[in-house]
1. Do the conditions hold for GLY133, that is, is it out of contact with any Cys (no Cβ under 7 Å at 6 or more places or on another chain), buried (at least 19 other Cβ atoms within 10 Å of the Cβ) and assigned to a loop (DSSP other than H, G, I, E, B)?
2. All but one of (1) touching a helix residue (DSSP H, G or I) at 6+ places or on another chain (Cβ under 9 Å); (2) at pLDDT 95 or above; (3) more than 16 Å from MET1 (Cα to Cα) hold for ALA194, so report the exception by its number.
3. When you scan the stretch 261-271, do you find a residue that is crowded, with 23+ Cβ neighbours inside 10 Å and hydroxyl-bearing (Ser, Thr, Tyr), even just one?
4. For the stretch 193-242, name all the residues that are within 23 Å of THR273 (Cβ to Cβ) and polar (S, T, N, Q).
5. Checking ILE21 against (1) under 30 Å from VAL205 (Cβ atoms); (2) in a helix (DSSP H, G or I); (3) β-branched (Val, Ile, Thr), which test does it fail?
6. Show the residue pairs that are 6+ apart or on different chains and have beta-carbon atoms under 6 Å apart, the first residue being within the stretch 123-134 and among the small types (Gly, Ala, Ser), the second being surrounded by 12 or more Cβ atoms within 10 Å (Cβ to Cβ) and not in a loop (DSSP other than H, G, I, E, B).
7. Got at least one residue in the stretch 93-103 being in contact with a strand residue (DSSP E or B) (Cβ under 9 Å, 6 or more places away or on another chain) and within 29 Å of LEU173 (Cβ to Cβ)?
Amino acid sequence: MELIDGNQIAATLIAELKADIATIAGRKPCLALVRVGEDPASVSYVRKKEKTAEEIGVTSRIILPPIDISQEELFKLIDSLNADAGVDGILVQSPLPKHIDEVAVFRRVAPEKDVDGFNTINLGKVAQEDDTGFVACTPAGIMELLARSGVDLKGKHVVVLGRSLIVGKPIALLALQKRAGANGTVTICHSGTANLPALTRQADVLVAAIGRPEFVTADMVKPGAVVIDVGINRVPDATKKTGYRLTGDVHFPSVAPLTSKITPVPGGVGPMTVAMLMKNTVKAYRLRR
């Protein structure tokens, strides 16, 4: 069993981006980060993105609307960023307050600045294998992890557990693409799938993105499979100072010994998400030049 070290791979990618940005004369790429409210996880995520941007030379603008901002007011804010020639990428941090339609917000971000990859046009470009679009950061990070770990999906059965727009559907589309590292045969499973373990046991590569702590157990995994654990869940744990421990969607102690390669939680897919956001921001900057 080999651990896929997301921290190390992300650090390598960040170093590559830093070197690339250092060659840019004049204005550097600019990322606008919009965070509505004070959700603790969102505060932490935005801080991490801001820190990484600073590290590699991307300019970040942090915009903090009040939690009671109306959807129309948020739309106006996004429109102003869409029109701002000095902004290359826009990310609206989720989750948003319940009175705001997240999908409508994702659609409002101009496709050419949608570095989160959630705009309808960019999702369509993924399906059409159009490289001018932007791929959602977590699925893009998974493909990067696989490529840099020597995992070629050609001829492999890839089983995706989860069908969200953020991970499940995009990673399935990416694995299917007719390009180097992809060309997999893909099955998507979800809460309505019958006889789920029988399907997951067929996976050469299993992507767990269902959002349920330690859901995938040893009886659901084929020996020698590659397992990518996308989940990050807080489970109560009185032995921890925080009162909880972080765990993935995979029961790591029982599953890891069966696998050929597996991502840990934390330290697997998570670090790649921020790195791919920066990669998308640099791409947006170059496409707009």
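The values are calculated or read from the model by the stated rules, or taken from the named source; none is laboratory data. The structure displayed is predicted, hence computed values, not measured ones. Using ideal geometry, Cβ is built from the backbone for each residue, glycine included, and neighbour counts are taken over all protein chains shown.
1. Considered against the rule, which asks whether it is out of contact with any Cys (no Cβ under 7 Å at 6 or more places or on another chain), buried (at least 19 other Cβ atoms within 10 Å of the Cβ) and assigned to a loop (DSSP other than H, G, I, E, B), GLY133 comes out as yes.
2. (1)
3. Yes, the stretch 261-271 contains a residue that is crowded, with 23+ Cβ neighbours inside 10 Å and hydroxyl-bearing (Ser, Thr, Tyr).
4. ASN233, THR242
5. (1)
6. Final answer for the pair search is ALA127/LEU173; GLY133/ASN122; GLY133/LYS125.
7. Taking every residue of the stretch 93-103 in turn, at least one turns out to be in contact with a strand residue (DSSP E or B) (Cβ under 9 Å, 6 or more places away or on another chain) and within 29 Å of LEU173 (Cβ to Cβ).
For (1) outside any helix (DSSP H, G or I); (2) of a type in the set (S, T, N, Q); (3) at negative phi, each residue gets a yes or a no:
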position: THR193; (1), (2), (3): yes, yes, yes
position: GLU214; (1), (2), (3): yes, no, no
position: VAL227; (1), (2), (3): yes, no, yes
position: ALA238; (1), (2), (3): yes, no, yes
position: SER254; (1), (2), (3): no, yes, yes
position: VAL265; (1), (2), (3): yes, no, yes
position: MET272; (1), (2), (3): no, no, yes
position: VAL282; (1), (2), (3): no, no, yes
